[in-house]
1. Looking for something touching a residue at least 40 places away in the same chain (Cβ under 8 Å), surrounded by 10 or more Cβ atoms within 10 Å (Cβ to Cβ) and acidic (Asp, Glu) - is there at least one such residue anywhere in region 51-60?
2. Quick check: is even one residue across region 60-69 farther than 24 Å from Gly100 by Cα, more than 16 Å from the chain's Cα centre (by Cα) and part of a helix (DSSP H, G or I)?
3. Checking Ala18 against (1) within 24 Å of Trp98 (Cβ to Cβ); (2) surrounded by fewer than 10 Cβ atoms within 10 Å (Cβ to Cβ), which single condition isn't satisfied?
4. Considering only region 30-55, state which residues are over 30 Å from Gly100 (Cα atoms) and modelled with pLDDT under 90.
Amino acid sequence: MTTPPEHETDALLAAMLAPPARPGDRGFAGGVERAIDTQAAYARARGRFWRSFAFEALAVGALLAALWLLSTAPMLAPLAGPAHWGLAPPLLPILLLWFGTRRWRQA
């Protein structure tokens, strides 16, 4: 029994394993492009959200620090109470509701 030359075997395998010749699927390519665009838009929106969240968290922290400093002032001592947070509990829910309703209106 004789074996065919190696280049003939390679050509036969390449012909058998080659994908069928057909035109490109434009619908699939368009869907992939839309998915890539959607993913990029989502990544931009997520970045904007985290920047906004960080800014608002810093703002809330600054306001809480300001409330704490105000509550330690001697002139406001009767309002502050023994724990130096007498002004914060009534003002904190108002502040959080304001930030929350602001966030919901943007969505």
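The values are calculated or read from the model by the stated rules, or taken from the named source; none is laboratory data. In this text the structure is predicted, and so the values were computed from the model without any measurement. Positions of Cβ are backbone-derived with ideal geometry, glycine not excepted, and every protein chain shown enters the neighbour counts.
1. Yes, region 51-60 contains at least one residue that is touching a residue at least 40 places away in the same chain (Cβ under 8 Å), surrounded by 10 or more Cβ atoms within 10 Å (Cβ to Cβ) and acidic (Asp, Glu).
2. So in region 60-69, the residues farther than 24 Å from Gly100 by Cα come out as 69.
With more than 16 Å from the chain's Cα centre (by Cα) added as a condition, the list becomes 69.
Then keep just the ones that are part of a helix (DSSP H, G or I); that gives 69.
Among the residues of region 60-69, at least one is farther than 24 Å from Gly100 by Cα, more than 16 Å from the chain's Cα centre (by Cα) and part of a helix (DSSP H, G or I), which makes the answer yes.
3. With respect to (1) within 24 Å of Trp98 (Cβ to Cβ); (2) surrounded by fewer than 10 Cβ atoms within 10 Å (Cβ to Cβ), Ala18 is out only on (1).
4. Within region 30-55, none qualify.
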